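The values are calculated or read from the model by the stated rules, or taken from the named source; none is laboratory data. No experiment lies behind these values; they were computed from the predicted model shown. Cβ placement follows ideal geometry from the backbone for every residue including glycine, while neighbour counts extend to all protein chains displayed. These accessible areas exclude ligands, DNA and RNA; they are computed on the full protein's heavy atoms, side chains included. Shrake-Rupley method; radii C 1.70, N 1.55, O 1.52, S 1.80 Å.
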Amino acid sequence: MPHPVRLSRRRFLDALSAAAAAPLLARCARVTTPPPPLGSGAQRLRTSVTRTPDGTITRLFTGRSAPDNVLVPDPTSAGEIALYDLFPNDRCPFAIDQARELGPGGYALETPDRTLMGILPVEGDEPWALNMIPCGVAADGVILDPSGPWYDGGPADPHNPFDRACSGWEYDPLFPSVGDLLGVPADVRGHVQPAPGGRPGSEGQFHYHGTPRVLVANLRAAQTAEERSRALVTGYSADGYWILDAIVPRAASRSGRRLHLVSGYVLREGPRARVPHTHPDFVPPDRHDGTFVQDWIFDPDRKRALVAAALRNTGEYEGLQAADVDAGLAEVVVLDALNGLRTRALALPSEVPEDSYAYAMTPDWPEIPRWLAYQPSPSFRTNLIPFSSPDGRGPPGRDQLYAACEADAGDVHVRAGRDPY
């Protein structure tokens, strides 16, 4: 989620086109607390599992909810820069909080481990929309939170990041001009949101909106030969599934071919019109171009055709080379609507049942899951939301996401008759 008090939504669409000409990240004051050394691994996620006699497996998360201070591409030059030197800046005026713990005394995160228990999504069930709940935790302890601000088509309320007008249209922070306005560097895929009541210069939660490219590259580079014989785990979801890297090495593939996992989503065609779970009176103008989450639709057949056309016309798609496909060395796997797959085709640690389920981080939209198979764990629903403060001051709470919707528009945010969580 982006920080709620800095984003004005009045004339937001006009600002998107103007943002491309603005400097992406004008760096401001340095953080006052020295970050961990480059590549120290000091912030790496730690997890453990507990088992009960009835077969329930719970995964517990510990460690710092902050990234390593790795080198990342410098958005203002052709060089590299330490991650902690990117924040605060004029678009994201908050430093990275290094003190918050994922475990007891911090967010106290835990979730049932459905991948280890071999629990599959129920076919035909309505997925759980995130609705401002984080998706999960990355392998470096950073929260995975793809959510963006809402379009309301009316006067701005900079203290309310929620859907005051009940439009159902959500800005996508991965869209270049939106990410520019929010201070989300393209190669970092994340930024800092404030703690409740936070002010510019204070520390806040660093989180990823999309696949953390630098983290994944570093994880791949650090793998041992034995680790390369298994699919790479890049995080864990809020509903208890493992999140895998999009590239599964040949040694970890049952087919003996390198697997390239891609999403099944494509852009809708034509001008914007009402789509499911949106309000007919608040439709953003222009064509479906990826500015909004609702510009995308799950269409695996069309996605396969688009990938095949890219391989035929350009020789590659998101790192998958046509020559490798033709030689039988690699193949593309289109994921389901949750950005996940059954694990029968993969090699995972021996404690994972052969037929289980996992999500994946992909190089194409949505990159990390935006819909979950099961309701997010209670700790993710209650312990990670920064939009209200215990003293009652600060931005409104999440209930405003639903309170804005009149009775006959309840399906904008509520699916399958479920109570808001």
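The trypsin sites (Lys or Arg not before Pro) found in segment 284-349 include none that occupy coil by DSSP while having at most 16 further C-beta atoms within 10 Å. Residue-normalised convex hull volume from the C-alpha trace of segment 37-157: 199 Å³ per residue. The candidates 405, 166, arranged from most to least accessible area with a 1.4 Å probe in the full protein assembly, appear as 405, 166. Taken about its Cα centre, segment 57-119 carries a charge dipole of roughly 300 debye when the Cβ of each Lys and Arg holds +1 and the Cβ of each Asp and Glu holds -1. Stokes-Einstein diffusion for segment 241-316, with the hydrodynamic radius set to the Kirkwood value over Cα pairs and evaluated at 4 °C in a medium of 1.567 mPa s, equals 86 µm²/s. Under 17 Å from a label point set 7 Å out along the Cα-to-Cβ vector of residue 229, the amide N atoms of segment 330-364 belong to 346-352. Taking 7 Å steps out from each Cα toward its Cβ at residue 326 and residue 71 produces label points 3.6 nm apart. Considering every Cα-Cα pair within segment 194-288, what fraction, in whole percent, is farther apart than 15 Å? So the pairs more than 15 Å apart make up 76 percent of the total in segment 194-288.
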